[in-house]
Amino acid sequence: MELLIPGLILVALMVWASTKIKRSAAKAFDAEHIEGDGFALDKPDGFLNRHYDSSEYLFDAYSKDFGTDTAGNVRAATAIVFSSDESLNEAASLEQSRLMNSDRSEKFELDGAHCIILTGEEEREGHKFNVSEKLLECGGRTIVLKAEVLQETPEDLTRKIEQLLLSFSPR
């Protein structure tokens, strides 16, 4: 009997902690506005922003969803933002050379920054990805948002990536 009450208290604390952890983890996948070093974007719901100091990326996120069948262990979508010392046109040419079936938009202005959008395909480890990149030239450097989506991905995830690309702007 002396162990029953402390045992019940321990179980209650474990249930409370577990519920708090689950809520916190679910909240990490909520949509949020992110402002980084020279850029701003709206992370869609269903994506987790990885936070760690040793990353080479200014922003790094992946989808909660995975592919299907043989791509069952591959994230359905990923998005990264990185900085390049190359000019906008040089960076765009380099990125475009890595893509298959690529298409490139004309340079245009976006909130005072020059911008180019690239689309194409990439194949890695036997899986095909649709790749979209938005390059911004501001403050003497080029900032690139690169989003990859498995080709077998549902339409709603593709729309979320499009919203992410549209929200990416200089800050």
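Assorted remarks:
- No other residue among LEU145, LEU118, LEU135 is part of a strand (DSSP E or B), touching an Asp or Glu at 6+ places or on another chain (Cβ under 6 Å) and modelled with pLDDT of 90 or more apart from LEU118.
- Of everything in the stretch 143-157 that is buried (at least 17 other Cβ atoms within 10 Å of the Cβ) and closer than 21 Å to THR70 by Cβ, the residue that is nearest to the chain's Cα centre (by Cα) is GLU148.
- Cβ-Cβ distances below 6 Å connect the following pairs, each with a first residue in the stretch 14-36 that is touching a residue at least 24 places away in the same chain (Cβ under 8 Å), a second residue that is open to solvent by 80 Å² or more (accessible area, probe 1.4 Å) and part of a loop (DSSP other than H, G, I, E, B), and a separation of six or more residues or different chains: PHE29/LYS64; GLU35/ARG171.
- Condition met for GLU56 (without any contact (Cβ under 8 Å) to a residue 40 or more places away in the chain, open to solvent by 30 Å² or more (accessible area, probe 1.4 Å) and in a loop (DSSP other than H, G, I, E, B)): yes
- The set of residues in the stretch 1-53 being basic (Lys, Arg) and open to solvent by less than 40 Å² (accessible area, probe 1.4 Å) consists of LYS43 alone.
- Note on the stretch 67-88: among residues that are open to solvent by 70 Å² or more (accessible area, probe 1.4 Å), in a loop (DSSP other than H, G, I, E, B) and in contact (Cβ under 8 Å) with a residue 40 or more places away in the chain, the one that is farthest from GLU133 (Cα to Cα) is THR68.
- Answer residue from the stretch 91-120, given it is touching a residue at least 12 places away in the same chain (Cβ under 8 Å) and farther than 23 Å from THR158 by Cα and is surrounded by the most Cβ atoms within 10 Å (Cβ to Cβ) among those: ALA91
- Checked against (1) part of a loop (DSSP other than H, G, I, E, B); (2) at pLDDT below 85; (3) of a type outside the set (Val, Ile, Thr), GLU106 meets all criteria but (2).
- Any hit, the stretch 26-42, residues being assigned to a loop (DSSP other than H, G, I, E, B), within 11 Å of the chain's Cα centre (by Cα) and more than 16 Å from VAL149 (Cβ to Cβ): no
The values are calculated or read from the model by the stated rules, or taken from the named source; none is laboratory data. Note that the structure is predicted; figures quoted are calculated from it, not measured. Backbone-built Cβ (ideal geometry, glycine too); neighbour counts: all protein chains shown. These accessible areas exclude ligands, DNA and RNA; they are computed on the full protein's heavy atoms, side chains included. Shrake-Rupley method; radii C 1.70, N 1.55, O 1.52, S 1.80 Å.
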